[in-house]
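Engineer: This is the structure I have questions about; it appears just below.
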Amino acid sequence: MTRPFIRFRVATRTTGIRRQVFVHVYDNREQMHEAHEIARGKPYDPTDDVGGGLAVQQGFRWPRPEVTPIIVMRLWDGQLTTRTIAHEATHAAAYLYFMDAVPGWNSRARAALLGDHEPLAYLVGDITAEVVKQLYAHGCLES
Ligand SMILES: [Zn+2]
C-alpha cells in the first residue's frame, strides 16, 4: 500500500461526542484511488473516475459502532477543491450523524445514511463550491 505524503486528523464535538476524521493527501490520483480501494476491500480499477474517497475502515460494525471508528478521507494533490472536500466531508458527516444523532442503531434511517449517500454528497459539494465561488466573485473572499 502506498503511503500518503500528508496525514493529519480533524476532530469535531458537534454531536457531543468527540469524533475524528483522518485525512490522507496523496501525490497523485492513482495512489489515492488504489489506497482507497484497498481500504474498502474492493478491486482497484484504474478506469474508475475517483476524485477522492471516504472509508470507514474500522469500528463501524453491527450490532453497534465502537466508540472510536476510524474514518479516513483520501484526497490527492491535483484536486484539493472546495467541491471535493465538501463532498467527502458529507460522507463522513453522514456516518457520524447516524452514529450520534439518529436515535437507535436500528433506526429506519440506517438504510439512507449508511447506503448510497452520493446524491447528498454531490449536493453539498456543489452548493458549497458555488457559494465559495460567488463569495470570491463578490470580493468577500480573497485568494
Ligand atoms: Zn462520494
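Quick note: the coordinates plus some simple rules give every number you see, no bench work behind them. Just so it is clear, the model here is predicted, and its values are computed rather than measured. For neighbour counting, all protein chains shown are included, and Cβ atoms are generated from backbone atoms with ideal geometry for every residue, glycine included.
Engineer: Going by how many other beta carbons lie within 10 Å of each one, how would you line up TYR95, TYR26, fewest first?
Structural biologist: Ascending number of Cβ neighbours within 10 Å: TYR95, TYR26.
Engineer: Could you quote the convex hull projected area for the chain, Cα atoms only and averaged over all directions, in nm²? Working shown, then result.
Structural biologist: Working: hull surface 38.9 nm².
Averaged projected hull area, Cα only: 9.7 nm².
Engineer: I would also like to ask the following. Rounded to whole Å, give me the distance from the Cα center of region 1-48 to that of region 76-99.
Structural biologist: Cα centroid to Cα centroid, the span is 10 Å.
Engineer: What length, rounded to one decimal in nm, is gained on full extension from ASN28 through to ASP48, with 0.36 nm per residue of separation minus their alpha-carbon distance?
Structural biologist: The ASN28-ASP48 span can extend by a further 5.8 nm.
Engineer: So what is the relative contact order for the chain, in percent, with contacts set as C-alpha pairs under 8 Å and at least six apart? Walk me through the numbers on the way to the answer.
Structural biologist: Details: 211 pairs, mean separation 28.1, N = 143.
Reported relative contact order: 20 percent.
Engineer: When the helix-only estimate is applied to the chain (DSSP H runs of n ≥ 4, each -39,500 (n - 2.57), divided by the residue count), what is the mean residue ellipticity at 222 nm, nearest 500 deg cm²/dmol?
Structural biologist: After summing the helix terms and dividing by residue count, I get -12500 deg cm²/dmol.
Engineer: In the calculated pair distance distribution of region 32-91, what percentage of Cα-Cα distances lie above 14 Å?
Structural biologist: The answer is 59 percent, as a whole percent.
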